[in-house]
Every structure is written in C-alpha cells, then in structure tokens.
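Down below is the structure, laid out as structure tokens.
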Amino acid sequence: MSERPETMQAVLLTGHGDYDQLSYRTDIPVPVPGPRDVLVRVGAAGVNNTDINTRNGWYSKGDSDSTDAGWGGSALELPRIQGADIAGHIVSVGSDIDPSRTGERVLIEPCLRELHGETVENFAYIGSECDGGFADYAVVPARHAHPIKTGLTDIELASFPCSYSTAENMLTRARVTSGERVLVTGASGGVGSATVQLARARGAEVIAVTSASKAESLLALGAARTVGRDTKPTEALGEDAVDVAIDLVGGQFWPDLLDLLKPGGRYAVAGAIGGHTVPLDLRTLYLKDLSFYGCTGLEPEVFPNLVRLIESGAIRPLVAATYQLRDIVSAQKAFAEKSHTGKIVLEVAGGS
C-alpha cells in the first residue's frame, strides 16, 4: 500500500440551508481510525434524499437550526462530511482489528449500531451522526464494513447501500413473501426502484406508482404494472387490492393506501417526499386489522442479505448519472429535478 496523504478532498456541510452550505475543499486532514474502526479509501459515493434533507434541516420538527435536525433526533456537529453510500477499499485498520482486512473491497452499511467503539443505543447514520463518503477517505466501524466480491465497479456498488438497504428493511419488516401483491409509491427513485427489484426477488407481484415517462423503465425492472402518480390507487386497482403498501411519498393520496390494503394488510414507510402530515381515520386502521411499520434502523439481517443478493447477481445497479465529487452541487440539482430513474453517484477515486 502506498503511503497515505496527510490531506484529502472532501465536501463539508457547513450549516443548514441552500447549496451555498456545501464547501468543496482539498485541504481536509485524512481521518485516523479508532481501535475498532477501519479507514476506507472511497471509490464512489451515492447521492440520496437524506443528503438534501439533512442540509435543509428537513428532519427537524422545529426550525431547521434546532437541536433535532440529525437522523438521530439531535443537532448535527458541523461541519459534517455527508455521504451515506460508500464503496471502496480498506487501507488501514484500528489496533483491535485483524490487519489482514487491509486491502479488502467493502460496501459500507450506512445505519450504524456502533460508533467510536461504543454501542449506539438506537442507531447513528453515516453522514449525519458521523462523517461519510463525500471525501477521499472515511472512517467507519469495522463491523459495518462488509467485504464484497463482485465484478461491479465502485460507481455501481455505491448505488446500493442506502436505497437498497432501506428497501430491503421495509420488505423485511412487512414480511413480504412470494405470491403477495405489493404496491410501491415513488417507484422511480433510488429506494423505489430498489424495492421493485427486491420485492420481485422475493417472488412478489409489484405494482409501481410513477409518472408515465418512467413507466417502461419500471416494467423492465420487474413491475407487473404501473399506476400514475397523479391517480388515486383505488381508482386504478379497486379497494382491498394489495397485501402490502411500501410508501416513500405520503402526501395527498395517503388515506387511499389504507383503503387499497386487504384486511390484515401491512403498510411500511421510510419517506414522505409528497408531504409528511397526513390524515388517519383510526377506524380504517383497527377495523381492517392493519399493521404499520415505520422503518429507519436496519434489522441485523438486512445488509448481509443485500450483499449476498449483489454477489449473486439477483439484483442489478441502476445508475442514472455520474458526477465528480467537486461537482456535488450540480449532482444535487440534477437529483432534485427528479427526472432520473435510479441513483446519481459521485465518483471519488476513479470509481474503479
């Protein structure tokens, strides 16, 4: 291994607000791993809704500058290097970690149960409670750096961690099994398109809610049919039509999702891009014996299962566009336009 440089390129989030809160620098000190950590040379890092939401302070239930704007419900320590999707190689390890791990190709689990050598009471998220992958190097707990053997590039691998683990976690929590009918809202985004693939891998029939311009791409991913995002799902499918609703949108049609579910149906949510405050008729919830699952922290089996699915080729990456790290503002603006299907990825170290 070549000697590590003392400084690196990185994008710092300096505060909550617009794109001017992102500062591209080339003089940031390379971090040093703690005893139970590894240092990863980042090959590529994906762009996610969480990056924009964290920058905007969207997770705060008060003002964007309040004390609960991080994923964990506490204030961010600023400046912060964001980037939850990390693919790369281990270049050094902490004193408690087997040195043979040096050189491993790894995919990083973004939802952390350990941080700075200590067990996290709930969870921490890379790029929120600790620095992430929008940099040449990132320190992560060794237990969350998963070895991976695949012919995919780092750019392709970086499309997986956040979106696909979120999707797999919702399907796991909602106990989706073969033969069930699953509706996916926001199906063209990173999490939505991942859910389509992962639900199909479980043998489920998938109905994707999307715009007409993206319908063909989702059918190609395995959706059995699509429903227009400006259409009430029950108008297209009827009531009691699906076993599971996987929701990333919320918004005006949210009550219709409960009418769409069969008695005993399950609803899982991990996003609210269409609006986070929705009306709930409790009679629908209890008279239909519905189950609700709010999904953020990953179940222990989710990320190892995801790695196995990637290595087996059961799911494939869906990279819509690639940008250099220094062009992060352009990448986030393209992301915000929502004209793509799949993931936008930042190339950090050649994307090899």
Residue count, segment 317-352, condition at negative phi, within 17 Å of the chain's Cα centre (by Cα) and part of a loop (DSSP other than H, G, I, E, B), comes to 4
Considering (1) in contact with a strand residue (DSSP E or B) (Cβ under 7 Å, 6 or more places away or on another chain); (2) part of a helix (DSSP H, G or I); (3) surrounded by fewer than 19 Cβ atoms within 10 Å (Cβ to Cβ), say which one Asp240 fails and leave the rest. (2)
How many residues of segment 305-352 are touching a Pro at 6+ places or on another chain (Cβ under 8 Å) and open to solvent by 60 Å² or more (accessible area, probe 1.4 Å)? The answer is 0
Any residue in segment 277-299 that is within 13 Å of Met170 (Cβ to Cβ) sitting within a Cβ distance under 8 Å of a residue that is open to solvent by 50 Å² or more (accessible area, probe 1.4 Å) and aromatic (Phe, Trp, Tyr)? List the pairs, counting only those 6 or more apart or interchain. Thr296/Trp71
Looking at (1) in a loop (DSSP other than H, G, I, E, B); (2) open to solvent by 10 Å² or more (accessible area, probe 1.4 Å), can you tell me which one Gly132 breaks? (2)
Per the filter on segment 211-231, residues at pLDDT 95 or above, more than 14 Å from Thr341 (Cβ to Cβ) and either of a type in the set (D, E, K, R) or open to solvent by less than 20 Å² (accessible area, probe 1.4 Å) (or both) are Arg225, Val227
Of residues in segment 193-210 being open to solvent by 20 Å² or more (accessible area, probe 1.4 Å) and part of a helix (DSSP H, G or I), the one farthest from Val242 (Cα to Cα): Ala201
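Quick check on my filter: what residues within segment 243-276 are assigned to a loop (DSSP other than H, G, I, E, B) and either under 25 Å from Ser165 (Cα atoms) or open to solvent by less than 20 Å² (accessible area, probe 1.4 Å) (or both)?
Matches in segment 243-276: Leu248, Val249, Gly251, Ala270, Gly271, Ala272, Ile273, Gly274, His276.
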Among Val106, Val120, Val91, which is the only one that is open to solvent by less than 20 Å² (accessible area, probe 1.4 Å), aliphatic (A, V, I, L, M) and not in a loop (DSSP other than H, G, I, E, B)? Val106
Which of the residues spanning segment 135-184 are hydroxyl-bearing (Ser, Thr, Tyr), open to solvent by 10 Å² or more (accessible area, probe 1.4 Å) and in a loop (DSSP other than H, G, I, E, B)? Thr150, Thr153, Thr177, Ser178
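The values are calculated or read from the model by the stated rules, or taken from the named source; none is laboratory data. None of the values given here were measured: they were computed from a predicted structure. Using ideal geometry, Cβ is built from the backbone for each residue, glycine included, and neighbour counts are taken over all protein chains shown. Accessible surface is based on the protein model in full, side chains and every heavy atom, while ligands, DNA and RNA are left aside. Shrake-Rupley method; radii C 1.70, N 1.55, O 1.52, S 1.80 Å.
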